[in-house]
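Chemist: Submitted below is the structure of interest, expressed as structure tokens.
Any read-out appearing in this document is the output of simple, stated calculations on the displayed coordinates, not a laboratory observation. Not measured: the values here are computed from a predicted model. Reconstructed Cβ throughout: ideal geometry from the backbone, glycine too, with neighbour counts over all protein chains shown.
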Amino acid sequence: MTFRRFAVVACTLFLGMLIITNGKPTEVTHAFCKIAWLVGVPCDQVNMAIVTQIKAMGSYKLGPVTPTLIQANHTSAVGQTERVNFTMMSTSISLGCLIQGCSVSEFWFSLFDNGTNYCNLHNVIQGSGLTKSLGFIEFTNEWLCLGFGLSACK
């Protein structure tokens, strides 16, 4: 890989992390996951796909929905709850959409969740079909998404 390619990839990843965190430190007293996705689909279609998927999943309770924000609560099989939200922002690149997802466990003692918060977000995006969208890219890592490396989503 040439230095130029390496620099472009590194800058892209750094920019993705800045977008996810909004330049602010992440929450450290609860298990959490923050992910950004780029898709080549307009945000109004993304919003509809996510809302439809959340309504279809029995473990989610849909909260307020606007054209740029979807809020929900997820209850796991053991009764633990997490706040889940998706924000959308149009991109000029191929008329796509930047989606930012965040899932935070309600209880302070659940710092290590074995990927539960990652799966909360991943399952909605995958079930909505957005992972098959043209140009689909996911940005996250273990610092932004505790338990990301341990996740085994069903």
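Chemist: At 0.36 nm per residue, minus the direct Cα-Cα distance, what do THR87 and ASP44 gain on full extension? Give it in nm, one decimal, please. Please list the in-between numbers first.
Modeler: Working: separation 43, 0.36 × 43 = 15.48 nm, distance 1.14 nm.
Difference between extended and current length: 14.3 nm.
Chemist: Right, something else. When the Karplus curve 6.51 cos²θ - 1.76 cosθ + 1.60 is applied with θ = phi - 60°, which whole-Hz ³J(HN,Hα) does each residue of the stretch 127-132 get, with x for Gly and Pro?
Modeler: Along the stretch 127-132, the couplings run x, 6, x, 5, 5, 9 Hz.
Chemist: Can I ask one more? Testing the spin-label approximation: label points 7 Å from Cα along Cα→Cβ at LYS154 and PHE107. State their distance in nm.
Modeler: Each label point is offset 7 Å from its Cα along the Cβ direction, giving 1.9 nm.
Chemist: With no solvent and one equal point scatterer placed on each C-alpha of the stretch 57-97, evaluate the Debye formula and give log10 I(q)/I(0) for q = 0.28 Å⁻¹, two decimals.
Modeler: Taken in order of the listed q values, log10 I(q)/I(0) reads -0.90.
Chemist: A further question on this structure: For LYS34, LYS55, LYS61, what's the fewest-to-most ordering of other Cβ within 10 Å of each Cβ?
Modeler: Arranged by neighbour count, lowest to highest, LYS34, LYS55, LYS61 become LYS55, LYS61, LYS34.
Chemist: If R₀ is 41 angstrom, what is the calculated FRET efficiency for the pair LYS61 and GLU142, using the beta carbon separation as r and rounding to 0.05?
Modeler: 0.90
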